[in-house]
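No lab work stands behind these numbers, since they all come straight from the coordinates. Being a predicted model, the structure only gives us computed values, none of them experimental. Cβ placement follows ideal geometry from the backbone for every residue including glycine, while neighbour counts extend to all protein chains displayed.
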Amino acid sequence: MEGVGGGPPQRPLRKGLRSRLRRLRRPRTRPRTKGPSFNQLIPNILTMLGLCSGLTAVRFAFEGRWEHAAVLIVVAAAIDGIDGRLARLLKGTSRFGAEFDSLSDFLCFGVAPALVLYLWTLHDARGLGFAPCLLFAVCSALRLARFNASIVDAPAMPLSGPPPKPAFAQSFFTGVPAPAGAGLALFPLFASMAFREWDWPGFARAAQHPLFAGALLVVVGSLMVSTLPTWSFKNFKVRADYVLPILLGIGAYVAVLLTEPWAALAAAGLIYGAMLPFSVRSYARLKREADAMLEAEEEGEAAA
């Protein structure tokens with residue numbers, strides 16, 4: 001009669017059932033994998049999308065689809081303005097990302113604009129028309145190399161380059177940045193497209209003249225490798241009474257961009273070019289104030 005009605009032989013069965021229930025209720029543990037999270041890869045994905053935009057712009061230029069080529073370069077510039085800030089927000093900055101971004105910038109803002117302009121107008125001047133394109137691409141590469149040389153990732157990997165910028169210079173670039181240089185270089189294309197939409201063929205032909213496009217490429221390339229201080233707008237602080245006018249101005253520009261995109265893009269180049277002297281003046285004023293404060297501190301220490 002043993003084993004009937006809950007005798008001793010059923011105890012091992014109940015014990016095995018309890019252990020199985022404990023295993024089922026136990027939380028599963030995932031094996032830990034080393035490497036960055038997907039969120040930290042998003043900036044590199046955006047950089048890759050910008051690179052693809054620049055490559056596709058080159059393809060459209062070979063096909064004579066100038067509007068599509070110009071739009072894709074503008075898209076690449078917009079992506080370039082986002083990926084770095086997003087990397088800092090997501091804590092996904094790395095030396096790999098910085099190098100990848102520089103290589104993408106060289107193609108999108110150094111090679112692609114020069115090639116688009118050569119196929120659009122400068123090929124009429126043959127070898128002489130290719131020289132400004134070559135100079136612009138070389139200046140873009142030199143600028144990006146100078147930027148990479150100024151990056152110090154860790155004390156264990158010292159890099160040669162210029163000394164760190166003072167505090168007042170953190171809001172300034174050295175020379176015109178590559179995306180802005182590409183926008184300035186494409187000004188003849190933007191202006192010609194706008195004039196054609198307005199049915200002004202004479203102005204359109206003047207904007208497409210190889211001499212104008214070539215001279216602009218040389219000037220912009222020189223600005224890119226220059227030591228001209230230009231606003232970076234990263235740490236740029238806006239006075240409280242300027243916030244509303246700036247927002248209204250941006251809204252008006254977006255309205256023009258949606259209705260007259262080529263005119264708006266050409267106007268953006270003119271506005272940026274007109275801002276360069278004010279950027280130099282602002283940098284000089286901040287430098288004078290910093291030098292005066294440093295001299296006052298040195299005099300105070302000497303008196304003490």
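Listed values, structure above:
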quantity	calculated
Within the stretch 105-150, trypsin sites (Lys or Arg not before Pro) in DSSP loop having at most 10 other beta-carbon neighbours inside 10 Å	ARG126
Which of LEU258, LEU144 has the fewest Cβ neighbours within 10 Å, and the rest in rising order	LEU258, LEU144
Sparse-neighbourhood loop sites, GluC sites (Glu not before Pro) in the stretch 42-116 - DSSP loop, at most 13 other Cβ within 10 angstrom	GLU63
Nitroxide proxy distance, nm - points 7 Å out along Cα→Cβ at LEU142 and ARG126	2.8
Least to most buried among CYS52, CYS139 (fewest other Cβ within 10 Å first)	CYS52, CYS139
FRET efficiency for ARG285 and LEU244, using Cβ-Cβ distance with R0 set to 30 Å, rounded to 0.05	0.75
Charge tally in the Cβ shell below 12 Å around ILE79, where Lys, Arg are +1 and Asp, Glu are -1, ILE79 excluded	-3
Cβ-derived FRET efficiency at R0 51 Å, ASP199 paired with SER150, nearest 0.05	0.60
LEU90-VAL219 FRET efficiency (beta carbon distance; Förster radius 41 Å; 0.05 resolution)	0.65
